[in-house]
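Input: a single structure, listed below in structure tokens.
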Amino acid sequence: MLDEFAREEKVVSSVPSGLFIGGAWRPAETGATFAVEDPSTGRVLAQVADASPADGMQALEAAAKAQASWAAVPPRERSDILRRAYDLLLERKEDLALLMTLEMGKPLAEARGEVVYAAEFFRWFSEEAVRIDGGFTTAPNGEGRLLMMKEPVGPCLLITPWNFPMAMGTRKIGPAVAAGCTMVVKPAEQTPLSLLALAGIMQEAGLPDGVLNVVTTSNPAPMMEPMIRDGRARKLSFTGSTAVGRKLLEQCADQVMRTSMELGGNAPFLVFEDADLDVAIEGAIQAKMRNIGEACTAANRFYVHSSVADEFARRLGERMAALPIGRGVEDGVVVGPLIDAAARDKVASLVDDAVRRGAEVVVGGASLDGEGYYYPPTVLTNVPEDAVMRHEEIFGPVAPIATFETEEEAIAAANDTDFGLACYVFTRDLDRAFRVCERLETGMIGLNQGMVSNPAAPFGGVKHSGLGREGGRVGIEEFLETKYVAIATKS
Ligand code: NAP
């Protein structure tokens, strides 16, 4: 046990705790720090630098200064840096996973999975860096030629959330590096350690000074707003809540900045009467319980055909009740703590609200006492449409089930939301699968599977779930401008 604690402390203390600006680590100008907690115990893990608005501007200055020279670095060199960083991430997977589990709470097996997922964005974009192309064509009337070329958009501001502390960073940093952009990254206050560790790795991989700058702060609004309004940053890429995304869009309007917005979700999970129930239950566990339900793609509303709803609820309840709960670092744990007391209390109040409105508890349904912010896996049936959890992200291990009779009804219920990030569809009927997929208002669909994330696929949403896509072939386009040259030719 002592050995385990010693290892935890060693991993945490190996992470630089300062601001990473212009290739150097330094404290905040005021000397201020803020605490990072382990959500499984409430214990303080580390103190990290608390950047002021002036620190933020220095980071932007460093990024702006490095932009021209970085854009001139050959694509192959940019690609090689990402590839080396990919190798280093995999080499240090165990320590990085432990670090992530400590600051965020997810079980170690999932943290290992996230390190690999995060690294894969670097491998993918190391491959894309050397495939940036433009175009050349003859003007339709034959008079002149048209040359299209791609250029980096310029210095970028990248803001990431706490739920995937490393992958939400590499999904932005990878394409920015590949495209030749410099950047300032602001990680989430609750989980800055993973990205600070990543900054060290990028430096080791040979990233030139000033290309990547990382500023941690306990007060993001006054630091980010002047950076956004300054004019030197040409792009903002944000992953987080729709409420904050909306505010940032307003701020970006001033300088007409490019934006990518990966915002909230409210994913429906549809199980048709012809679905393979074994597959649907497996998919439900994955879509609901990955990251303890704290994922933007988490299944938030289950709609099950009435003929199979009882069996689905019973089997899902049995599986959920059997999942081991505990500190993510413990062997076999599948359900870690939620990120903080406010998150746990929000989940509890959503469940209480649904029960008050008539929902029935199959398993779970009450917060767990003791240290750490635990909420047990919970399955509810007969959840009415007016329950608040049908319209808000639960962000916890709660599966609310309602029934439907017809395909039309299922599609209408799925689309009855302002969000449109992910949907899950379970059916063995190919015609139905196409019909339903084509009519769902969403950016991503898991068809007979409970997971959509893949570095090679375009991740993103429609409606209030965001703008733009990350990953896949289009991921790098978000960091590129198209310039066109009209060429006069004589025939
Ligand atoms: P959040 O409160 O919106 O915070 C996200 C990030 O924005 C954090 O770094 C936060 O800093 C920062 N921030 C907050 N207010 C800001 C402001 N006024 N100006 C500039 N930055 C500001 O979201 P969260 O609770 O961390 O993350 C959960 C949300 O993210 C959920 O809605 C989830 O669906 C969404 N999400 C979406 C995706 C996707 O790809 N679509 C992926 C993951 C998560 P602090 O940490 O200091 O507050």
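Tabulated values for the structure
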quantity	calculated
Debye, to nearest 20: dipole size of the stretch 1-96, +1 on Lys, Arg Cβ, -1 on Asp, Glu Cβ	480 debye
Surface share of carbon and sulfur [accessible, 1.4 angstrom probe, percent] for the chain	52 percent
Accessible area in square angstrom per residue, the stretch 146-251, 1.4 angstrom probe	25 Å²
Antiparallel bridge percentage (DSSP; both residues within the chain; nearest 5)	45 percent
Stretchable slack from Glu91 to Arg76, in nm (0.36 nm times residue separation minus alpha-carbon distance)	3.2 nm
³J(HN,Hα), Karplus 6.51/-1.76/1.60, whole Hz, each residue of the stretch 137-142, x for Gly, Pro	8, 8, 4, x, 8, x
Sites Ala68 and Glu282, calculated FRET efficiency, Cβ-Cβ separation with R0 51 Å, nearest 0.05	0.50
Efficiency of FRET between Val474 and Ser307 - r from beta-carbon atoms, R0 30 angstrom, step 0.05	0.15
Accessible area of the stretch 53-141 divided out per residue, in Å², using a probe of 1.4 angstrom	42 Å²
On Cα atoms only, tilt of 108-129 relative to the major axis of the chain in degrees	30 degrees
Assigned charges on the beta-carbon of Lys, Arg, Asp, Glu; the chain dipole about Cα centre (debye)	1720 debye
Helical mean residue ellipticity (222 nm; -39500 (n - 2.57) per DSSP H run of 4+; nearest 500) of the chain	-12500 deg cm²/dmol
Between helix 277-289 and the chain: long-axis angle, C-alpha atoms, 0 to 90°, nearest 10	60 degrees
Cα centroid separation, the stretch 166-220 to the stretch 404-432 (Å)	37 Å
At R0 = 35 Å, FRET efficiency that the Cβ-Cβ distance of Asn141 and Cys437 yields, to 0.05	0.30
Solvent-accessible heavy-atom area per residue, rounded to whole Å², over the stretch 278-410 at 1.4 Å	38 Å²
Derived scalar couplings ³J(HN,Hα) [the stretch 56-71; Karplus, 6.51 cos²θ - 1.76 cosθ + 1.60; whole Hz; x for Gly, Pro]	x, 5, 5, 5, 5, 4, 4, 5, 5, 5, 7, 4, 5, 5, 5, 4
Potential extension, Asp331-Ser349 segment - 0.36 nm per residue separation minus Cα distance	3.4 nm
Amide H contacts of Leu480 (H built 1.01 Å from N, under 5 Å, at least 5 apart or other chain)	Val153
Cα-based shape type of the chain, given that a ≥ b ≥ c are square roots of the gyration tensor eigenvalues and the cut on a/c is 1.5	oblate
Interchain or long-range residues, amide H under 5 Å from Thr259's placed H	Leu236
Rounded to whole Hz, the Karplus (6.51, -1.76, 1.60) HN-Hα couplings of the stretch 444-458, x for glycine and proline	9, 9, x, 9, 6, 8, x, 9, 10, 5, 6, x, 8, 10, x
20 Å Cα-Cα reach of Lys346 towards lysines, excluding residues that sit fewer than 8 places from it in its own chain	Lys106, Lys288
Amide H contacts of Cys181 (H built 1.01 Å from N, under 5 Å, at least 5 apart or other chain)	none
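The values are calculated or read from the model by the stated rules, or taken from the named source; none is laboratory data. Being a predicted model, the structure only gives us computed values, none of them experimental. In this analysis, Cβ positions are derived from the backbone assuming ideal geometry, glycine residues included, and neighbour counts consider all displayed protein chains. Keep in mind that these areas ignore ligands, DNA and RNA; they rest on the heavy atoms of the full protein, side chains included. Shrake-Rupley method; radii C 1.70, N 1.55, O 1.52, S 1.80 Å.
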